[in-house]
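Shown next, in structure tokens, is the structure this report addresses.
The values are calculated or read from the model by the stated rules, or taken from the named source; none is laboratory data. Quantities reported herein were computed from a predicted structural model and do not represent experimental measurements. In this analysis, Cβ positions are derived from the backbone assuming ideal geometry, glycine residues included, and neighbour counts consider all displayed protein chains.
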Amino acid sequence: MGVSNKAILCVDDERTVLLGLRDQIAKHFGDRYRYEIAESVNEAWEVIDELDQDGVRILIIVSDWLMPGTRGDEFLIQIHQRFPSIVTVLLTGHADETAIERARQYANLHAYIAKPWSEETLIDVIRSGLGKLDDESSDCLCG
Amino acid sequence: MQSKPYKDSILIVDDAPNNIRVLVELLTQSGFQVAVARSGEQALERIPEATPGLILLDILMPGIDGFETCRRLKANPETRDIPIIFMSALTDVVDKVKGLEMGGVDYLTKPIVHAEAIARINVHLSLRQAQRRLVQEEKMAALGQLVAGIAHEVNTPLGAIQASISNITSSLEQTLKELPILLPTLSPAQQASFFGLLDWVRQSKVMLSSREERQLKCTLKQKLADYQLPHPDRLADTLSKMGVTAALDPILPLLQAADAPAILETAYQLSIVQNNSRNIQLAVERATKVVCALKNYVRQDMVSAPVHAAVAEGIDTVLIIYQNQIKCGIEVERRYASLPQLLCYPEELIQVWFNLISNAIQAMNYRGKLAIATSKQDEHIVVQIADTGSGISPEIKARIFEPFFTTKAMGEGTGLGLSIVNDIIAKHHGRIEVESTPGHTVFRVWLPLNFSALESNRIRKQ
């Protein structure tokens, strides 16, 4: 099992949520992708920079919305500006409609998942997000 | 809010039997419950036991007169909101004015005109009721703001619980297939180290960050290579996922087994069961805290005897309720001194902290620093709540504790928050101070530690 150079990143300030997410993602995608967790937006940027330096490509980011400092929608918009190809997903216990709309418009939000979430929903969303990437890269190849 | 059973009860305070008879008859016929006190002293004695909805108070009485009775009732936070209508044969304007200045709401001149008396009584009872309703609405409005935040606070642990349950289910499914085959192949020493490893994982309560996990994997790979074990990469991968930072010697028998990678994979699955079970426990504790905080908030209306409580607990209750609004842009500094418990009405004090903290958050527009400190000074517990908000201008500062005074837009607040705070602190024989410059506002609440002595003093004076 070699170290993959593709990663899935989860950001949430609640450790219990991160642990649940980590094990779910490890179970379904652990053999093909790296999975990374970050407890804050700051930590997420550190992870992103570090992976970038190591030549690891982040494919998808699943982010909480209500976090200290930067909110999830702002964070995903910043991500989208710097890395437009990263698929963005919001996972949150409370939906602020305008924030979701903003993320749709400016962060090309792939999906919004409400807490509590079912494993099936999460995995489907990640799978379809990864599928979107495959389509795009094949488009690129064709073009 | 439920109306209290004595809402429409009226206390007549008069020394003249004839007056009492006439009034009792009139009021009873109009459907009021009536109680009678024959002197100011008797009235003061009875009121704390059965609070009337309104008091008809004669001015000229033997013993303490109506004005003095009124003064004492107004001095006591428990009785000061009861509307008082003065009655006297005096038609002197000076007395009417004095009565109103002492806090009476109205004045009836004897001989009493029946229809007028009933009309005035009804006006003041409905005013009092409207005021109570507003206080209640203020509380409900504040609660409404919180509901959205509470949804998040509860959905977060629920999400963790649901994820952990699905992780436990799939790990159990997998281990149940593998474990019965695997265990008999292990020697007693290997079995011991297998369960030792699981014990170690259960007891280590750290969750490694991805980076730490990767570093651990590198270190482990090196160590495993030093032991000259086969498959160092796969073993290091599984061990780092389990967060094994302990020495490898105790599990060496396991690592040396022919199918070590499969054995470790099973141990890893079992560690998922352990970790996720603990995760559920943590999430439940978190949700329970939120629910407790809510219960404390709602219970504040119950009148009960004062009890000994830790002031800091009440402050923390409010911080839990507000966690959402705080964590996004507000740095909270808590400096709690080690303090004795305070004899107090804990639910009502929670409302004090609730109002002060919510004002602070709004004054800072959800960004800034909230510093809360408790200390003991001159036999008082002092709670200091400071914010870095816009501050209170000197013109406004003098008025902030007045009922219905507000700087908030229509619909955002009734202006009752700080007046409620003031009443509650007065009930504790305490005081509140405010200092404010732009960028730094401090509310300081002084609560005396000798509450019971002050309370019995107050009762004796009456």
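Given the conditions (1) buried (at least 20 other Cβ atoms within 10 Å of the Cβ); (2) more than 23 Å from A:Thr16 (Cα to Cα), and given that A:Phe75 satisfies all but one, which numbered condition is not satisfied? Failing condition for A:Phe75: (2).
If only residues of segment A:99-109 that are away from chain B (no Cβ under 13 Å) and not in a loop (DSSP other than H, G, I, E, B) are counted, the one that is nearest to B:Glu153 (Cα to Cα) is A:Ile100.
Can you confirm whether segment A:43-51 contains a residue that is assigned to a loop (DSSP other than H, G, I, E, B) and either closer than 30 Å to B:Tyr322 by Cα or at pLDDT below 90 (or both)? Scanning segment A:43-51, I find no residue that is assigned to a loop (DSSP other than H, G, I, E, B) and either closer than 30 Å to B:Tyr322 by Cα or at pLDDT below 90 (or both), so the answer is no.
Among the listed residues B:Leu216, B:Leu197, B:Leu252, B:Leu239, which satisfies the condition of being surrounded by fewer than 21 Cβ atoms within 10 Å (Cβ to Cβ), among the hydrophobic types (A, V, I, L, M, F, W, C) and within 30 Å of B:Ile161 (Cα to Cα)?
After ruling out the rest, the residue left standing is B:Leu216.
Taking every residue in segment A:117-143 that is at pLDDT 75 or above and pairing it with any residue that is surrounded by fewer than 16 Cβ atoms within 10 Å (Cβ to Cβ), at least 6 positions away or on another chain, the pairs with Cβ-Cβ distances below 8 Å are A:Leu133/A:Ser85.
Where helices (runs of 4 or more DSSP H) fall entirely within segment B:170-244, those with at least 3 residues that are within 12 Å of chain A (Cβ to nearest Cβ) are at B:210-226, B:232-241.
Every condition in (1) under 29 Å from B:Ile280 (Cβ atoms); (2) in contact (Cβ under 8 Å) with a residue 24 or more places away in the chain holds for B:Gln191 except the one numbered (2). The requirement of being small (Gly, Ala, Ser), modelled with pLDDT of 75 or more and not in a helix (DSSP H, G or I) is satisfied by B:Ala305. Search segment B:329-363 for residues being assigned to a strand (DSSP E or B) and hydrophobic (A, V, I, L, M, F, W, C), and hand back the single one that is farthest from the other protein chains (Cβ to nearest Cβ). This residue is B:Leu343.
Exactly one residue among A:Ile126, A:Ile58 is touching a Phe, Trp or Tyr at 6+ places or on another chain (Cβ under 8 Å), under 13 Å from A:Leu9 (Cβ atoms) and assigned to a helix (DSSP H, G or I), and that residue is A:Ile126. Among the residues of segment A:3-33, those that are more than 8 Å from every other protein chain (Cβ to nearest Cβ) and either modelled with pLDDT under 90 or assigned to a loop (DSSP other than H, G, I, E, B) (or both) comprise A:Val3, A:Ser4, A:Asn5, A:Asp12, A:Gly30, A:Asp31, A:Arg32, A:Tyr33. Inside segment B:190-211, residues that are of a type in the set (Phe, Trp, Tyr) and closer than 11 Å to B:Gly243 by Cα make up a count of 1. Just so you know, in segment B:364-398 the residues that are among the polar types (S, T, N, Q) and assigned to a strand (DSSP E or B) include one that is surrounded by the fewest Cβ atoms within 10 Å (Cβ to Cβ), and it is B:Gln377.
Take the conditions (1) closer than 25 Å to B:Ile400 by Cβ; (2) modelled with pLDDT under 90; (3) under 15 Å from the mean Cα position of the chain (by Cα); B:Cys344 misses just one of them, which is (2).
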